[in-house]
Each structure stands twice: as structure tokens, then as C-alpha cells.
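The values are calculated or read from the model by the stated rules, or taken from the named source; none is laboratory data. Computed from a predicted structure; not experimentally measured. So basically every Cβ, Gly included, is an ideal-geometry build from the backbone, and we count neighbours across all protein chains shown. Accessible surface areas use protein heavy atoms only, side chains included; no ligands, DNA or RNA. Shrake-Rupley method; radii C 1.70, N 1.55, O 1.52, S 1.80 Å.
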Amino acid sequence: MTTPVPLPPLEAVLGRPRRAALDAFAGLGWRPWATPIGLDAARRRILNVDLSEPDVALHRDGDVAAVAHVETDLEGIVTHVEVVGAEPADPIRVALALLGDTGPPRAEGGTEARAWVWGPESGARATVGNEPARLWVCAERAYGDRLWLVATLVRRD
């Protein structure tokens, strides 16, 4: 099962030190983020670059194809990763690639914006490092249904 952009397994990112998580992206061809001189406002919006500063980017044909941002807890362990790609993605295929078959998602939204959530609220039993994990995937018609996912550890302590 593949995704529109190469993504490391969630086990290589979530619950890992920040450096290890970024190295997992680098191993798939992602590079440290540096704002390209030619990145226009439309492409910035598609990639959500105005919402958070990416940590790494994937380039294709001289353009930014996707960006990723990680967040850590106080110990420097990644608890949240956000990936935004410029190309459309099938949320079910993305979830299968990252989580395996964890059951149906909780789906919401309408034709303009839709979201799919696999996690405790959908009955999914996905875990990363023995902790519950949540995968949120969104498609918005205004942005061509591009890949936008957020994966988090669901910590309860």
C-alpha cells in the first residue's frame, strides 16, 4: 500500500526522539525545510506553510511536493506529526498504509471539506509503542483534496 508521498511508518516518528523522527523522513528523501525563493502565496496555502513552520520538505521536479512538522513533549519525544502534500490523496489508502486495517473511520463534513478519523473515538485500536494513536486525514475541495494528515499519540496521563 502506498501514499502520494513517501511516509515513514508511524513507529519511526511517533514516540521517538525528534532527531530520530526527522531522520526517518530524511531516509525517504525528505530534506530540512528552507523556504524556497519561488514559493508563491498559492502554494504556501496549499501546503499550510502559513500555519506552521515545517521541519522537512519533499521536493519533486524542482517544487515542494510536501512538508512535515513534528511536535514533541517536554522530554523531546514526538507526540504529533503533521504532513501536507500538494497532491490529492485517498484517506483510506493513507490510513491502511500507516495503520493497517484498523476498521472504519469516523467521518464528518460535506462536499467542501471532509475529515476521517481513526482512533479511540472511531473504535480503532491502532497503537504506536503501546500507546493509542489517532490519525486524522482531511480533504478540502478548495485545495484539490490534497494530502493533509495529522497523527498523534493519545496520551491519557
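So which of 94, 64 ends up being touching a residue at least 40 places away in the same chain (Cβ under 8 Å) and either crowded, with 19+ Cβ neighbours inside 10 Å or more than 13 Å from residue 136 (Cα to Cα) (or both)? That would be 94, the only listed residue that is touching a residue at least 40 places away in the same chain (Cβ under 8 Å) and either crowded, with 19+ Cβ neighbours inside 10 Å or more than 13 Å from residue 136 (Cα to Cα) (or both). Out of the residues in the range 23-54 meeting the condition of being aliphatic (A, V, I, L, M) and touching a strand residue (DSSP E or B) at 6+ places or on another chain (Cβ under 6 Å), tell me which one is farthest from residue 149 (Cα to Cα). Result: 46.
Can you confirm whether the range 144-153 contains a residue that is under 24 Å from residue 48 (Cα atoms), of a type in the set (D, E, K, R) and touching a residue at least 60 places away in the same chain (Cβ under 8 Å)? Yes, the range 144-153 has at least one match.
Residue-level check: of (1) under 26 Å from residue 131 (Cβ atoms); (2) surrounded by 15 or more Cβ atoms within 10 Å (Cβ to Cβ); (3) at pLDDT 95 or above, residue 89 misses just (3). When each of 11, 71 is tested for being under 24 Å from residue 125 (Cα atoms), in a helix (DSSP H, G or I), open to solvent by 10 Å² or more (accessible area, probe 1.4 Å) and not aromatic (Phe, Trp, Tyr), the lone residue that passes is 11.
Taken over the range 116-132, residues that are in contact with a Gly (Cβ under 9 Å, 6 or more places away or on another chain), free of Cβ contacts under 8 Å to residues at least 24 places away in the same chain and within 28 Å of residue 144 (Cα to Cα) amount to 2.
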